[in-house]
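Below: the structure, in structure tokens.
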Amino acid sequence: MKNRILDLRTDADLRQIDVANAIGITQRKYSYIETGTQQVTEEMLVKLASFYNTSVDYLLGLTDDPAPYPRKRTK
């Protein structure tokens, strides 16, 4: 997973601080997530998938398709 998160960030020409600010954490915590030093919570996975417009499965390496899943419609 850490390589996917790193690849997504670098492909988008973003700094760690940019992503960290966008998802509401410190740069240090984001760095720990990216390097695998800190485990990622479900909430953080959802935030990262939403930020990078991909699926949690892609971040976890369960699929090689980066396309996000269709969102549920709310009534």
Exception for residue 48 within (1) at pLDDT below 95; (2) within 10 Å of the chain's Cα centre (by Cα) falls at (1)
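Taking the condition of being in a loop (DSSP other than H, G, I, E, B) and of a type in the set (Asp, Glu), how many residues in the stretch 43-75 meet it?
Just the residues of the stretch 43-75 that are in a loop (DSSP other than H, G, I, E, B), to begin with: 52-55, 61-75.
Okay, now just the ones that are also of a type in the set (Asp, Glu), so 64-65.
Number satisfying all stated conditions: 2.
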Of the residues in the stretch 50-75, those that are open to solvent by 100 Å² or more (accessible area, probe 1.4 Å) and of a type outside the set (S, T, N, Q) number 8
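The values are calculated or read from the model by the stated rules, or taken from the named source; none is laboratory data. Owing to the predicted nature of the structure, the values given are computational and were not obtained by experimental measurement. For the accessible areas, the whole protein counts, side chains as well, though only heavy atoms, and no ligand, DNA or RNA atoms are used. Shrake-Rupley method; radii C 1.70, N 1.55, O 1.52, S 1.80 Å.
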